[in-house]
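Right, one structure below, let's go through it.
The values are calculated or read from the model by the stated rules, or taken from the named source; none is laboratory data. It should be emphasised that the depicted structure is a prediction, and the values quoted were computed from it without experimental measurement. We place every Cβ from the backbone using ideal geometry, glycine too, and count neighbours over all the protein chains shown. Accessible surface is based on the protein model in full, side chains and every heavy atom, while ligands, DNA and RNA are left aside. Shrake-Rupley method; radii C 1.70, N 1.55, O 1.52, S 1.80 Å.
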Amino acid sequence: MWCFMLLNWSNIDTVLLDMDGTLLDLRFDNYFWTTHLPLRYSELFESDLSIAKQTLRRRLEEKRGTLDWYSTEFWARELCLDIVALKREVKYLIRERPNVSKFLVDLGNIGKERILVTNADHNSIEIKFAETTIYQKLDKIVSSHDLGYPKEHHKFWSGLQKTFVFDPLKTLFIDDSEAMLLAAKEFGVANLLTIARPDSSGSLNQTRGFVALHDFDELNVSNCLK
């Protein structure tokens, strides 16, 4: 009830939702990039696994904060690997966070616009949608690759508002990344929440300055229907 009391739903028209680590468990992505990809890379190129991990970690870090970091096509070219096919090898790890479907349905029932805003490219989005039910419960889908800037960049937010009209003062944005939340705050989004444990197998999120959700039921959207 505490988080519900924090939000005045009558003053929120639009809900912007991150995908990986917010609607979906980040375990899949973390496992893919830190374990599965290095393993397959070392097998295919006959290199030592520890060296493969170091090499991939360094190359990923070089692209952090750019669209390339999130691009399956970029990494396919860079690494000479079919990243999409490799992701599908561990697609069994893709799952919705607890009570996500109920939350999305309840938002629709109280007339809130549900917009997915993600840095994932369309290849990754397609993989996630095929393994979950979130697609059917969203009103719009926006990938940063369509706008030319990642969510942590201020130009993403100005481009987003040109894509569809929304009032930042009547918008809620939920994301597991502090960088994305800070960019949204700078743009003027009034309501911001983060995720306490984006990866169910990992540690608590270190994001500070934002209220963190453990479960979407904490928002008690269904109470608005009574």
Alpha-carbon centroid distance for the pair segment 48-107 / segment 152-204, whole angstrom: 20
Degrees separating the helix 122-131 axis from the principal Cα axis of the chain, which is the longest one: 70
Fluctuation leader among Lys128, Lys63, Lys137 - the chain, Gaussian network, Cα springs under 10 angstrom: Lys63
Gain upon complete extension [Asn8, Ser158; 0.36 nm per residue less C-alpha separation]: 51.5 nm
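Does segment 120-208 come out rounded, prolate or oblate by the C-alpha gyration tensor, with a ≥ b ≥ c the root eigenvalues, rounded set by a/c under 1.5 and, if not, prolate when a/b is larger than b/c and oblate if not?
Judged from the Cα gyration tensor, segment 120-208 comes out oblate (a/c at least 1.5, b/c at or above a/b).
I'd like the FRET efficiency for Asp68 and Leu44, computed as 1/(1 + (r/R0)^6) with the beta carbon distance as r and R0 of 25 Å, rounded to 0.05.
That pair, Asp68 with Leu44, gives E of 0.75.
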Share antiparallel - DSSP beta bridges, the chain, percent rounded to 5: 5
Distance between modelled label sites at Glu61 and His122, nm, 7 Å Cα→Cβ extension: 3.4
Label point at His214 placed 7 Å out along Cα→Cβ; residues across segment 87-108 whose backbone nitrogen lies under 18 Å: 97-100
Subset of Lys91/Lys128; Lys102/Lys185; Lys112/Lys185 violating a 18 Å alpha-carbon distance limit: Lys102/Lys185; Lys112/Lys185
Of Glu78, Glu178, Glu131, the one that fluctuates the most in a GNM where the chain has Cα springs shorter than 10 Å: Glu78
Computed accessible area, Ser143, all protein chains, 1.4 angstrom probe, square angstrom: 0
Whole-percent carbon and sulfur share, accessible surface of segment 156-195, 1.4 Å: 53
GNM flexibility winner over the chain from Arg27, Arg64, Arg114 (Cα, springs under 10 Å): Arg64
Mean Cβ count within 10 Å, highest first, over the residues of peptides 42-48, 171-177: 171-177, 42-48
Accessible area expressed per residue, segment 174-213, with surrounding protein chains retained (probe 1.4 Å, Å²): 46
Exposure ranking of Phe103, Phe129 by accessible area [1.4 Å probe, largest first]: Phe129, Phe103
Dipole of the chain [Lys/Arg +1, Asp/Glu -1 at C-beta], most positive-end residue of His122, Asn109, Leu67: Asn109
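Quick check: residue separation of Leu169 and Leu93 times 0.36 nm, minus the Cα distance between them. What number comes out in nm? Don't jump to the answer; show the numbers that get you there.
Details: separation 76, 0.36 × 76 = 27.36 nm, distance 3.61 nm.
Residue separation times 0.36 nm, minus the Cα-Cα distance, leaves 23.8 nm.
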3J(HN,Hα) from dihedral phi, segment 159-167, Karplus parametrisation 6.51/-1.76/1.60, rounded to Hz, x for glycine, proline: x, 5, 5, 6, 6, 8, 7, 8, 9
Stretch gain in nm, segment Phe187-Tyr31, where the contour uses 0.36 nm per residue and the Cα spacing is subtracted: 52.9 nm
Computed helical MRE - 222 nm, the chain, DSSP H runs ≥ 4 contributing -39500 (n - 2.57), nearest 500: -11000 deg cm²/dmol
